[in-house]
1. Can you compute 3J(HN,Hα) from phi for each residue in segment 65-71, using the Karplus curve 6.51 cos²θ - 1.76 cosθ + 1.60 with θ = phi - 60°, rounded to whole Hz and x for Gly and Pro?
2. How much net charge surrounds K66 when only the other residues with a Cβ under 15 Å from the Cβ of K66 are counted, with Lys and Arg +1 and Asp and Glu -1?
3. Using θ = phi - 60° and the Karplus relation 6.51 cos²θ - 1.76 cosθ + 1.60, list the HN-Hα couplings for segment 26-35 in order, rounded to whole Hz, with x at every Gly or Pro.
4. Hey, what do the phi angles of segment 47-54 turn into as Karplus ³J(HN,Hα) couplings, whole Hz, using 6.51/-1.76/1.60 and θ = phi - 60°, x for Gly and Pro?
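No value in this document is a laboratory result; all are computed from the given coordinates. Since the structure is predicted, the reported quantities are computational estimates derived from the model, not experimental observations. Glycine also receives a Cβ, built like all others from the backbone with ideal geometry; neighbour counts cover every protein chain displayed.
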Amino acid sequence: MSHGSISRVASFLLDIHRATGGFEIALSQSNIGALLSLRRSSINQACQSLRAAGALRTVRGRILLKDEAVLASVACCHYRPQSPAFAEAIAAEAA
C-alpha cells in the first residue's frame, strides 16, 4: 500500500465532505475504487490505515468521517480543493 493511494483516498473523502457538508459518505469501497481507478483492496487498505489514524469509521456501504484534520494531514500534497462546479455536482448527487 503506497502513501500515494492513502492520500488520494483521503483527498477524495475530503472533497466529498466539503462539497456536501456531510460526515457520512454513502459509497462502497468498490465505488470509490472505480472513481479513483484503484483496486478495491487498495481502498480497503487505505480505509484501514485511515481508521487506525482515527480519521474515519466504516459501516457496510458507508464511510463515517470522524476527524477532518487527520484526513487533511494524510491527504497532504494530494489535496487541492475542487472547483465550485465539482461541489455543485456532488451536492446534487447527494440530494
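1. 7, 10, 9, 5, 5, 5, 4
2. Working: positive: R51, R57, R62; negative: E24, D67, E68.
Local charge sum for K66: 0.
3. Working through the residues one at a time gives 8, 9, 7, 4, 5, 4, 4, x, 5, 5 Hz.
4. 5, 4, 5, 5, 5, 4, 7, x
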